[in-house]
Amino acid sequence: MEEGSGKTVRGRRILSGAPDGYWWAVASLVALISATMLMHESASWVLDLASLWGAPVNIRAYSCDAHSLGLVFGYAITQVCGSRFARLVREGLFWTLFFIAMLVDVLAFYWCLFAPSAVFVVVAVQFVGAAAGAWFFVAISQIAWAADTRLFVTTVVAVVGLTTLIVQGLFSMLEATAPLLVSELLHLGLVIVAALCLVRAMAPRSCFMSAYGEVVFAPIQSRGNPKAAGSMPPDDGEAPSGGGALTVALRRRLPLCTRLFVIVGAYGAVFGFLHVIPLALPLGVVSRVSSFIAGALIALALFALTLRGGKGVDVSLIWNRFYRFVFPVVCVAALLGPLTNDTEFLPALVMQACALYYFDALLAMACSVIARAIDAAPSQVFARAFLIRSIGFLFGNLIGSTVYEHVVLDTAAFSIIGTAVFVLLVAVTFNMNSERYAKTVWGLLPREDPRGRYERAREERCDALAAQCGLTDREAEVLRLLAQNKRPREISDLLVVSVATVRSHVHAIYTKTGVHSSGELVKLVECPQDKS
């Protein structure tokens with residue numbers, strides 16, 4: 001009983017300790033994102049085939065593509081017009097026009113559903129709604145600067161959980177039991193609630209207004225590849241000869257953060273592809289709702305548990321959770337395809353939903369942590385990350401639509417799809433040196449104190465020495481720990497290997513670097529500031 005009351009008190013402390021206007025901004029985000037997601041989901045429920053120039057076309061696929069393209073446009077416009085974006089967010093007149101446009105967009109959407117002759121207008125409506133939702137999401141994400149890690153974990157769980165219950169739960173049931181007019185009125189109500197909550201969030205001295213007025217953020221900068229100056233050999237000690245010279249030159253010119261974008265875009269493409277495949281299978285309302293809600297609940301529980309309740313979360317921890325949980329869940333979802341033709345695809349749908357929600361939650365958490373580490377505007381970090389994710393999702397969606405139209409999705413086809421997804425994700429997840437670059441915030445310039453600069457310089461010296469002496473990845477990892485004065489027993493615990501294995505790596509490091517003791521090794525990787 002005492003333990004339960006303790007948890008309740010901690011929960012109340014998190015809610016009551018939020019900055020002024022924080023939860024009003026979150027409530028506005030939940031309402032508007034639910035409204036924009038609902039247009040996409042309702043179109044998927046209602047639309048099917050339509051006649052274009054005398055030929056039947058899949059208007060549902062067109063609507064889905066328009067929604068994905070709208071997300072890309074919405075996120076991109078916040079990057080192209082960043083200064084104008086920050087000014088508009090503070091203007092009440094702009095928000096008035098914004099919500100009027102949203103109400104008109106919702107009315108146009110239901111008019112398209114009521115009028116079969118106007119069914120193709122829904123494509124333009126989807127584009128506008130998705131773009132507005134992406135724009136609004138980026139605008140509200142700025143409040144992340146005022147939230148500590150534990151509060152932001154709670155926020156992510158609340159936003160994902162509530163939007164899923166509203167869109168997949170409430171409105172899915174209304175689709176099966178109530179007239180379309182009821183859904184339309186409640187849909188309009190979501191937009192109005194979002195507007196009213198935003199008015200409260202924009203009160204003077206609120207965290208939302210402070211984020212766009214009083215707080216000064218640093219521009220996002222890339223450190224670039226440390227090999228660019230020629231101070232370090234190519235990755236893994238490879239000589240830039242033969243066919244590998246072009247690859248090495250490309251690595252030297254690309255910022256390290258490009259590797260993160262490749263990973264995020266590749267996973268977005270897989271989610272976009274898998275999003276389309278279930279269209280080939282007939283699903284009832286109960287099956288669809290139960291699979292999405294079950295997947296969301298599993299994902300949110302996993303998210304809260306694996307991030308330790310928000311304690312000690314950094315980029316390295318997030319990346320660790322990414323490849324330990326997102327990667328296997330997505331692969332299982334793809335590989336379950338051949339086994340679920342006779343069970344309405346439910347096991348795969350649950351796994352897909354779980355992977356998607358967990359991935360988006362981790363991506364939002366990573367954006368918050370990175371923005372805090374480099375002292376950048378959260379809205380710009382969120383916009384860039386989710387723009388890459390949306391571009392990947394759009395390409396995956398287009399590929400999935402093509403497969404859906406031209407390929408018979410039998411057991412053999414599902415097997416090929418699952419294998420292709422597995423190979424792609426293995427390639428981008430485990431061949432980008434991601435663990436190493438996560439520790440340096442993916443090549444972005446972090447806000448560092450003197451100790452942080454010292455530790456980063458020491459790690460860069462270790463990397464340079466490892467490349468120069470041809471150390472393996474594991475030996476380079478042991479070298480970095482030895483430079484921190486870790487003993488073999490400590491290294492054994494950190495790397496989860498035996499002490500004998502650690503000593504074997506240490507012996508190899510001594511041999512390749514030409515030293516005979518840990519003291520000599522530390523001097524070898526000593527930074528100039530060490531001597532002072």
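Provide the per-residue ³J(HN,Hα) series for region 484-496, in order, calculated from phi with Karplus coefficients 6.51, -1.76, 1.60 and θ = phi - 60°, each as a whole number of Hz, with x at glycine and proline positions.
8, 6, 7, 8, x, 5, 5, 5, 4, 5, 5, 8, 6
Taking the highest mean first, how do the peptides 479-487, 197-205, 147-155, 363-371 order by number of other beta carbon atoms within 10 angstrom per residue?
Top to bottom by mean Cβ count within 10 Å: 363-371, 147-155, 479-487, 197-205.
Heavy-atom accessible area of His507 with all protein chains present, probe 1.4 Å, nearest 10 Å²?
Rounded to the nearest 10, the figure is 120 Å².
What is the spin-label model distance, in nm, from Ser415 to His516 if the labels are put 7 Å beyond Cα along the C-beta direction?
Placing both labels 7 Å along Cα→Cβ, they lie 6.2 nm apart.
Once you sort the root eigenvalues of the Cα gyration tensor of region 61-119 as a ≥ b ≥ c, which label holds: rounded (a/c under 1.5), prolate (a/b larger than b/c) or oblate (the other case)? Intermediate values should be presented prior to the final figure.
Details: a/c = 5.35, a/b = 1.58, b/c = 3.39.
Because a/c hits 1.5 or more and a/b fails to exceed b/c, region 61-119 counts as oblate.
Can you classify region 314-422 as rounded, prolate or oblate using the Cα gyration tensor, where a ≥ b ≥ c are the square roots of its eigenvalues, rounded means a/c under 1.5, and otherwise it's prolate if a/b beats b/c and oblate if not?
Because a/c hits 1.5 or more and a/b exceeds b/c, region 314-422 counts as prolate.
Convert each backbone phi in region 33-45 into a coupling constant with the Karplus relation 6.51 cos²θ - 1.76 cosθ + 1.60 (shift: θ = phi - 60°), then list the ³J(HN,Hα) values in order as whole Hz, x for Gly and Pro.
Coupling constants for region 33-45: 5, 4, 5, 6, 5, 5, 4, 5, 5, 4, 4, 5, 6 Hz.
Answer rounded, prolate or oblate for region 84-170, using the Cα gyration tensor with square roots of eigenvalues a ≥ b ≥ c: rounded when a/c is under 1.5, else prolate when a/b is larger than b/c, else oblate. Before the final figure, lay out each step's value.
Working: a/c = 3.18, a/b = 1.50, b/c = 2.12.
Oblate, since a/c reaches 1.5 and b/c is not below a/b.
Report, by chain and number, residues whose modeled amide H sits under 5 Å from the one on Phe120, excluding near sequence neighbours (fewer than 5 apart, same chain).
none
Between Thr96 and Ala464, take the C-beta separation as r, use R0 = 51 Å, and let me know the FRET efficiency to the nearest 0.05.
So, using R0 = 51 Å, E works out to roughly 0.35.
Compare Leu180, Leu425 by solvent-accessible area with a 1.4 Å probe and give them largest first, with all protein chains kept in place.
Order by accessible area, largest first: Leu180, Leu425.
If you count only protein heavy atoms and use a 1.4 Å probe, how large is the accessible surface of Asp314, to the nearest 10 Å²?
Estimated to the nearest 10 Å², Asp314 gives 70 Å².
Could you go through region 503-518 in sequence order and give the Karplus-derived ³J(HN,Hα) for each residue, using 6.51 cos²θ - 1.76 cosθ + 1.60 with θ = phi - 60°, rounded to whole Hz, and x for Gly and Pro?
4, 5, 5, 4, 4, 5, 5, 4, 5, 6, 8, x, 10, 10, 7, 5
Given H placed on each backbone N at 1.01 Å, which residues far from Leu444 in sequence or on other chains put an amide H within less than 5 Å of it?
Counting only residues 5 or more places away or on other chains, the set is Arg223.
Roughly what would the spin-label model give for Ala427 and Arg474, points 7 Å off Cα along C-beta, in nm?
2.7
With every protein chain in place, what's the accessible area of His406 (1.4 Å probe, Å², nearest 10)?
The value for His406 is about 150 Å².
The values are calculated or read from the model by the stated rules, or taken from the named source; none is laboratory data. All of these numbers come straight from a predicted model, not from anything done at the bench. Virtual Cβ from ideal backbone geometry, glycine too; neighbours counted across all protein chains shown. Heads up: the accessible areas ignore ligands, DNA and RNA and are worked out on the full protein's heavy atoms, side chains in. Shrake-Rupley method; radii C 1.70, N 1.55, O 1.52, S 1.80 Å.
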